[in-house]
Amino acid sequence: MIRSQETLNLLLDSIARFVRERLVPAEALVAETDQIPDALLAEMKALGLFGLCLPEEYGGLGLTMEEEVLAAMELGKTSPAFRSAVGSNNGIGSMGIVLDGTPGQKQKYLPRLASGELIGSFCLTEPEAGSDAASLRTTAIRDGDHYVLNGTKRFITNAPEAGIYTVMARTDPASKDAGGISAFVVERDTAGLSLGKIDRKMGQKGAHTCDVIFENCRVPAESLIGGREGVGFKTAMKVLDKGRLHIAAVATGAAERMLADALRYAMERKQFGKPIVEFELIQAMLADSQAEIYASRCMIVDAARRRDDGERVTAEASCAKMFATEMCSRVADRAVQIFGGAGYMSEYGIERFYRDVRLFRIYEGTTQIQQIVIAREMQRRAQG
Ligand code: COS
């Protein structure tokens, strides 16, 4: 749902201009230094990028899902590290509180998340619990008016920068499944919370992940999201339904950027006496990429509209995430191929995208998990 086309166009134009004029020129520096310059982060805050999807009453822009995916496509047109910097505040690092938090939790954290003063992060994955998220082992045992957390969370995006963590932990250690899991907001300076060293990754330099470790970490009972035990896994799944649509949109934006770069190169690069864009085998790669990007856009916007209409979009979000992220990797591969030898060289930037976008098919649920979710939803719907 688009609330005002005119207002949205202004926002999308300003994001597109910021991406083109400020972020794209900084891509190589961020990759080299593994850091986004503070000045750029300040500009991102001033533009409101940290609070795009947070409710207006808490200082965000309150974008609808349809508006959000269009904004995410624009943000996707530069190194994914920039989107990652603002991504958790707009998604997995805040949505547990937005969807299921108490009014007090919303009031306490959302305004500072929306301004970017506070960074939120999402702690689901563990050393032994990745795709099988419901098997997580971190415990949160009630002790008077506190819970005591113990366990390790792994590969946690933005954990080094975060001020709060949405943590899924088992409040009922006797239960081994999803029903024993609850969600908490844990503040960074809580005694017993520590961070591992920053992970070295294949790509996405400038976006950081690390372990988050809880050792007898005592949090007040009010940290329990929504004040209800046993619904933390459902909170996490609802957060991921939304997150998956967002990642699908970012992947589509990245594919558009790589295709634009490949097209420009194909129009400039001459071989056999003419620009390589005139060769049919190059044209086939360009055309296949364009058609797949178009299909991806249509699918994502349709799913986003359905979510705005109040439909359950678990299957559609997984379809979009699976299709868009796999498509993005195919486009990355073709873009490298069109660049030829230059595609393998760092200075042209396309090999960096090729590595960066590989993560899209893994995080917020692998392609194989999306397949499971889609097939299960098909079964559920068939059973009525
Ligand atoms: N929305 C609301 N509730 C949901 C839901 C959704 N999208 N998906 C599942 N649930 C509910 C189920 O209805 C079920 O509730 P009941 O017990 O009341 O029926 C409960 O959650 C458990 O669901 P299910 O039995 O399907 O859980 P599984 O253990 O089989 O796991 C998958 C389901 C595999 C889909 C889940 O573990 C998953 O998404 N794994 C990937 C995790 C992931 O994306 N990790 C990335 C790290 S975060 S960057």
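The values are calculated or read from the model by the stated rules, or taken from the named source; none is laboratory data. Everything quoted here is computed from the prediction, not taken from an experiment. Side chains included, ligands, DNA and RNA excluded: accessible areas come from the protein's heavy atoms. Shrake-Rupley method; radii C 1.70, N 1.55, O 1.52, S 1.80 Å.
If I take every Cα pair under 8 Å that is 6 or more residues apart in the range 1-109, average their sequence separation and divide by the length, what percent do I get for the relative contact order?
Once divided by the residue count of the range 1-109, the mean separation gives 29 percent.
With everything on Cα atoms, drop me the angle between helix 80-90 and the longest principal axis of the chain, reported from 0 to 90° to the nearest 10.
Approximately 30 degrees, to the nearest 10.
How do Tyr354, Tyr363, Tyr147 stack up against each other in accessible area, from largest to smallest, with a 1.4 angstrom probe? All intermediate terms of the calculation are to be shown ahead of the outcome.
Details: Tyr354 105, Tyr363 40, Tyr147 5 Å².
From most accessible down to least: Tyr354, Tyr363, Tyr147.
If one computes the Cα centroid of the range 305-384 and of the range 105-132, what distance in Å separates the two points?
Distance between centres, Cα-based: 23 Å.
Hey, what do the phi angles of the range 23-30 turn into as Karplus ³J(HN,Hα) couplings, whole Hz, using 6.51/-1.76/1.60 and θ = phi - 60°, x for Gly and Pro?
With coefficients 6.51, -1.76 and 1.60, one gets 7, 4, x, 9, 4, 5, 4, 5 Hz.
Calculate the length of the line joining the C-alpha centroid of the range 150-179 to that of the range 23-82, in whole Å.
With the range 150-179 and the range 23-82 each reduced to a Cα centre, they are spaced 26 Å.
Please give the helix 5-18 orientation as an angle from the longest Cα principal axis of the chain, in degrees from 0 to 90, rounded to the nearest 10.
Taking the Cα atoms of the chain, the angle to 5-18 is about 80 degrees.
Given the DSSP H assignment, sum -39500 (n - 2.57) over each helix run of at least 4 residues in the chain and divide by its residue total; what's the result at 222 nm in deg cm²/dmol, nearest 500?
Result for the chain, helices only: -16000 deg cm²/dmol.
Give the relative contact order (percent, whole number) for the range 234-382; include only Cα pairs under 8 Å separated by 6+ residues.
Working: 161 pairs, mean separation 47.2, N = 149.
Dividing the mean separation by the residue count of the range 234-382 yields 32 percent.
Bin all alpha-carbon pair distances of the chain at 20 Å intervals from 0 and give each bin's fraction as a whole percent.
28, 57, 13, 1
With an 8 Å cut-off on Cα pairs and a minimum separation of 6 or more residues, tell me the relative contact order of the chain in percent.
Values: 717 pairs, mean separation 62.6, N = 384.
Relative contact order comes out at 16 percent.
Once neighbouring chains are kept in place and the probe is 1.4 Å, which whole percent of the accessible area of the range 120-230 is contributed by carbon and sulfur? Show your work: numbers first, answer last.
Values: 2310 of 4810 Å².
Carbon and sulfur: 48 percent of the exposed surface of the range 120-230.
Any chance you could list the semi-axes, whole Å, largest first, of the equivalent ellipsoid that the Cα gyration tensor gives for the range 120-230, using √(5λ)?
Working: eigenvalues 107, 51, 24 Å².
Values for the range 120-230, descending: 23, 16, 11 Å.
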